[in-house]
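S.K.: Here it is: the structure, laid out below.
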């Protein structure tokens, strides 16, 4: 397959994936926006003033980057896991498998869909946050690069979950029991400097912590962890998950017999 | 001439040890309309799965128009269009998108993809349904949608796995006409079907697989020539109490106005008619009791590939 043909194929998958979540925006885009708006109201508006400042910022200001990041993580993951598993379940993944598209193009197509949904929801949540607090931007490049890297990483994770899933239950186990706890413990609502030494060290094992902190740096200019470490960890995970996903597609795990 | 499809010693053993294919070899020549027959579980769908790279093979080789699946997979895939047995398109996508997206996967630009989608949807009488969600199509329409999708990249080899299953006779006949036209235009077609009338009517060559092994691979004409006896059902005007006795012919009375006559393929039907006529029996209509290929097929799969009663 020539490069131009590969690009057309990538565009076809990406468009298909993007149209899919936009067609059902009431299920895919609206709920996370409402949920996050509730977080803003309850934690930011009602409880936040009683908490006071966090790292020198109003509590509302402090949690906004983390909540945006949380919506991007869950939505990029959810998009790919549900789309990939759905295509396995309905067997229309076979449309791609019988075509000459290389596996990495299939992978990039699904990632593009995941990133598109993650960013769409992220932008919508950011817009809602403006109702509660003006937007602070300390470093736009850091903010944008970290949100895109995070969306890519969790799109890849979603695809791996989709490959291994054998039922609709399997696509909700990881988000419920792994992703949500890691997200909540990833420094969205607090600075890890508040934690005792032991829990501080334990938190450093959580990769989401690095992304939330780097993203918050993009908004507020503060972080518990060095930016270099955050980028290294994010890119490292992306490379590892990308190679693993390619291996799974090449061997046909869950999709070829 | 390079075969459209060349299969050598193809083997597939599934996890758990079930051997679905036990060393199958055959060629399909360009332009052929080829039937791949076999009872349920014979290995046909596994074979098609391997050709279309949905199933990993355990051994052997497959090449499509000279492109080996092991070394030149992308070129081989570009030559193949597949209509699978089960519906495998996105049920929540509009009909036109199902076809246009598939074109995109083969590197056809969006504008061209939409033009081709229109062309094939019109040919298959689905253009009026283009904006419907594909789940809302009837069974016959879904089958035709899969054909349109398989053709959109203009494959040189079209593989149809039971394309007319569950389709009414009118749509089936229009699909036969359509496929015959595609074949005449140069597309090689491989067809699996349980409607043996379909294979007899459409296909020039036939391979029969049973329990993972190829038990027959010949032309349809040659295969039918191996039939020794044929059974005809005759509807007669006046009721009879006893079957008429005719020399060298076996005639059975099914009911008072229906006869079944077994006739050697080399014998003339005139013998039968003149004999009945001589006894004052007037025949109103006549038909084959079973499809000839069906008879042969049953013979082959029930007797491990040896035709009983063959000439």
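S.K.: Treating the angle as unsigned and between 0 and 90°, give the value, to the nearest 10°, between the Cα long axis of helix B:169-184 and the longest Cα principal axis of chain B.
M.R.: 60
S.K.: Sticking with this one: For peptide A:242-249, compute the average count of partner chain beta-carbon atoms within 10 Å of each residue's beta-carbon.
M.R.: On the way: counts 0, 0, 0, 0, 0, 0, 0, 0.
Partner-chain Cβ atoms within 10 Å, mean over residues of A:242-249: 0.
S.K.: By DSSP, what percent of the beta bridges with both residues in the protein assembly as shown are antiparallel, rounded to the nearest 5? Don't skip to the answer; put the middle values down first.
M.R.: Numbers: 42 of 58 bridges.
Percentage antiparallel, nearest 5: 70.
S.K.: Next up: How many Cβ atoms of partner chains, on average, are near each residue of B:105-114 if near means within 10 Å of its Cβ? Provide the component values of the computation, followed by the final result.
M.R.: Working: counts 18, 9, 14, 4, 6, 4, 0, 1, 2, 0.
Mean partner-chain Cβ count within 10 Å for B:105-114: 6.
S.K.: Then there is this: Neighbour counts of other C-beta atoms within 10 Å: give me A:146, A:54 arranged from fewest to most.
M.R.: Values: A:146 27, A:54 20.
Least to most surrounded, the residues fall as A:54, A:146.
S.K.: Where the centroid of each part is defined by its Cα atoms, how far is the stretch A:154-173 from the stretch A:242-257 in Å?
M.R.: Using only Cα atoms to place each centre, the spacing works out to 13 Å.
S.K.: Further question: On the first, second and third principal axes, largest extent first, how far apart are the outermost C-alpha atoms of the stretch A:218-257 in Å?
M.R.: That gives 51, 16, 11 Å along the principal axes, largest extent first.
S.K.: Report, in degrees rounded to the nearest 10, the 0 to 90 angle that the Cα long axis of helix B:95-105 makes with the longest principal axis of chain B.
M.R.: 60
S.K.: Separate question: Compute the convex hull volume of the Cα atoms of the stretch A:141-257, divide it by the residue count, and report the result per residue in Å³ as a whole number.
M.R.: Working: hull volume 12.8 nm³, N = 117.
About 109 Å³ per residue, rounded to a whole number.
S.K.: In whole angstrom, how far apart do the alpha carbon centroids of the stretch A:1-59 and the stretch B:122-159 sit?
M.R.: 35
S.K.: So, one more: Quantify how strongly other chains surround peptide B:86-94 by giving the mean number of their Cβ atoms within 10 Å of each of its Cβ atoms.
M.R.: Working: counts 3, 3, 8, 5, 10, 3, 6, 5, 2.
Rounded to a whole number, the mean comes out at 5.
S.K.: Based on other C-beta atoms within 10 Å, arrange A:169, B:210, B:125 from fewest to most. Intermediate results must be reported in sequence, preceding the final value.
M.R.: Details: A:169 8, B:210 21, B:125 15.
Ascending Cβ contact count within 10 Å gives the list A:169, B:125, B:210.
S.K.: Now for a separate question. For A:104, A:210, B:120, what's the fewest-to-most ordering of other Cβ within 10 Å of each Cβ?
M.R.: Numbers: A:104 15, A:210 26, B:120 21.
In order of increasing Cβ crowding within 10 Å: A:104, B:120, A:210.
S.K.: Sort largest first and round to whole Å: the equivalent ellipsoid semi-axes of the stretch B:5-218, each the square root of five times a Cα gyration tensor eigenvalue.
M.R.: On the way: eigenvalues 156, 74, 53 Å².
For the stretch B:5-218, the ellipsoid semi-axes come out as 28, 19, 16 Å.
S.K.: Sticking with this one: Any chance you could give the angle, 0 to 90 degrees and rounded to 10, that helix B:292-302 forms with the longest Cα principal axis of chain B?
M.R.: Between helix and principal axis, roughly 80 degrees.
S.K.: Calculate how many DSSP beta bridges within the stretch B:5-218 are antiparallel, expressed in % of all such bridges and rounded to the nearest 5.
M.R.: Close to 55 percent.
S.K.: A further question follows. If we sort A:26-39, B:233-246 on the protection proxy, mean other Cβ atoms within 10 Å, highest first, what's the order? Numbers along the way, then the final one.
M.R.: On the way: A:26-39: 15.4, B:233-246: 12.9.
So the peptides A:26-39, B:233-246, ranked by packing, come out A:26-39, B:233-246.
S.K.: Can you give the Kirkwood hydrodynamic radius for chain A, in Å, rounded to one decimal and based on Cα pairs? Provide the component values of the computation, followed by the final result.
M.R.: Numbers: mean 1/r = 0.0530 Å⁻¹.
Mean inverse Cα-Cα distance, inverted, gives 18.9 Å.
S.K.: Continuing with this model, one more query. Mind jotting down the distance between the C-alpha centroids of the stretch B:181-257 and the stretch B:22-64, whole Å?
M.R.: 24
Where a number appears in this text, it was derived from the coordinates with a stated rule and is not lab data. Bear in mind that the values here come from a model prediction, so they are computed numbers and not experimental data. FYI the Cβ positions are ideal-geometry reconstructions off the backbone, even for glycines, and counts take in every protein chain you see.
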